[in-house]
Amino acid sequence: MELEMPELLAAGVILFVMFVIGLLGVRTRIPDVILFILAGIVVSGLLSDSDILYFAGEIGIVLLFFMLGMEFPIRKLGAIAKKVTPAGLLDLFLNFVLSTGICLLFGMDPLTAFLIGGLLYATSSSITLKMLQNTKRTANPESEFLLGVLIFEDMAAPVMVAVFAGITAGGDLTGMDFLFLAVKVAALTLAAILLGRFVFAKLKGFIDRHAGSDIFHLFLIGLALTVSGAAVFLELSEVLGAFLAGIMLAETGRSETFEPLIQPVRELTLPLFFLWFGTQINLEEGIIYPVLLTALIGWSLIGKWLTGMIGGRMYGLSPRAAFRAGLSFTPRGEFSIIIASAATAEVMAFGSLFIVISAAAGIFLFLYAPALTKKVYGTKQKPKGNNV
């Protein structure tokens, strides 16, 4: 007689094991993010197809971006977007176009090179944001620049994923397909801006009356999931929808009231996203194209560092802050997995190995970025503004 573990029991065991893993991270000072990802790799055979784990983790990532959006009222976000566009285009050139070129130089066919270039492009927003919070660096001058580039990537990456899906499915993508995709992104963004400016900005009295009730968190989380779901319905990224939901609420000027209501749910579900993330990494095929893999790992670190150094200076950061930024967003993640999953089994195995190495190297570079910056630029002197 075959026995199946009840889902409640399985959920309890998973949460307890993740607590032990997190405690190990505290004791060893290894970031819990990487430990959760490694745990996911270990148990991938058991949990890789778990819809419940995926859904719970998806809620965590949605709430992470939802809370991020609450820090950016529309006017502030517009100013950042204007400043970050040159750096975003530089990031696209260095980490997608040149990465594709490196693959072509190694003799890969154009389609495979195109896919791997896309795999190398986007930084993991979830890992970067989690590390910013864990290391209490959200107030640093480069954090706004990092967030701006991540937002740029999160708007470009869904377009890239749609293109890859069309190519690998053997379909022909026309100019009208690109135009339709751009229209959907613009329409969702415009709707969020209008709702924030003309609806949510007028809800301050409603919020003051009800924010202390036991049910108000249902309104907040319901809003995050609804807008994220609308983005998915439009075949866009759920994280884009979550961020737009956050900026809608930011117009109320009550973000500090909302955060304590959302954070407990986020802290419960977000670790499950990193566990699920690990279950999607396939290392069974071993090392494929080892020379190319080594070259791309090296270039992936250099490309993002150059984005931080050059793009950060274009943004207005000091050399010190730009250097720190360049070391702080090298891990690839969720979009890389989505792109890898559209490729052949061989390329997916290659991509999986790249992702796990990139995630580990990126987390440690993030942790040691302040110390490395101090070694290069010396001890920070008395600040003369915000960009020191």
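Using a Gaussian network model of the chain in which every pair of alpha carbons under 10 angstrom is joined by a spring, one finds that among Leu132, Leu146, Leu268 the greatest mean-square fluctuation is at Leu268. Can you figure out the FRET efficiency of Ala361 with Asp109, using R₀ = 25 Å and their beta-carbon distance, to the nearest 0.05? With a Förster radius of 25 Å, E is 0.35.
When the alpha carbon gyration tensor of the range 270-329 is reduced to an equivalent ellipsoid, its three semi-axes come out at 30, 19, 6 angstrom, largest first. Heavy-atom accessible surface of the chain, averaged per residue, reaches 47 Å², computed with a 1.4 Å probe. Here the Gaussian network model covers the chain, with springs between Cα atoms less than 10 Å apart; of Ile215, Ile116, Ile281, Ile215 fluctuates the most. Bin width 20 Å, origin at 0, all Cα-Cα pairs of the chain: what percent of pairs per bin? Result, from short to long distances: 27, 60, 13, 0 percent. Past the 25 Å Cα-Cα mark, which pairs from Lys136/Lys374; Lys184/Lys204; Lys82/Lys202; Lys76/Lys374; Lys76/Lys375? Long pairs (Cα-Cα over 25 Å): Lys184/Lys204; Lys82/Lys202; Lys76/Lys374; Lys76/Lys375. A quarter of the convex hull surface defined by the alpha-carbon atoms of the range 173-224 gives 4.5 nm² as the mean projection. Taken along the Cα-to-beta-carbon direction at a fixed 7 Å, the label points for Thr85 and Ala182 span 1.2 nm. Distance from the Cα centroid of the range 271-323 to that of the range 54-104 is 14 Å (rounded to whole angstrom). Here, the range 1-90 is characterised by an Rg to Rh ratio of 1.15, where Rg is the alpha-carbon radius of gyration and Rh the Kirkwood radius.
Of the complete DSSP H runs in the chain, those spanning 30 angstrom or more by Cα along the long axis with a mean Kyte-Doolittle score not below -1.0 are 7-28, 141-168, 175-198, 255-279, 345-377.
With q set to 0.13 Å⁻¹, the log10 of I(q)/I(0) for the range 228-372, from the Debye formula over equal scatterers at the Cα positions, is -0.82. A quarter of the convex hull surface defined by the alpha-carbon atoms of the range 1-48 gives 3.9 nm² as the mean projection. Using R₀ = 30 Å, calculate the FRET efficiency as 1/(1 + (r/R₀)^6) where r is the Cβ-Cβ separation of Asn134 and Leu218; round to 0.05. The formula returns an efficiency of 0.60 here.
The values are calculated or read from the model by the stated rules, or taken from the named source; none is laboratory data. None of these values were measured; they are calculated from a predicted model. So basically every Cβ, Gly included, is an ideal-geometry build from the backbone, and we count neighbours across all protein chains shown. The area values use the complete protein model at the heavy-atom level, side chains included, leaving out ligands, DNA and RNA. Shrake-Rupley method; radii C 1.70, N 1.55, O 1.52, S 1.80 Å.
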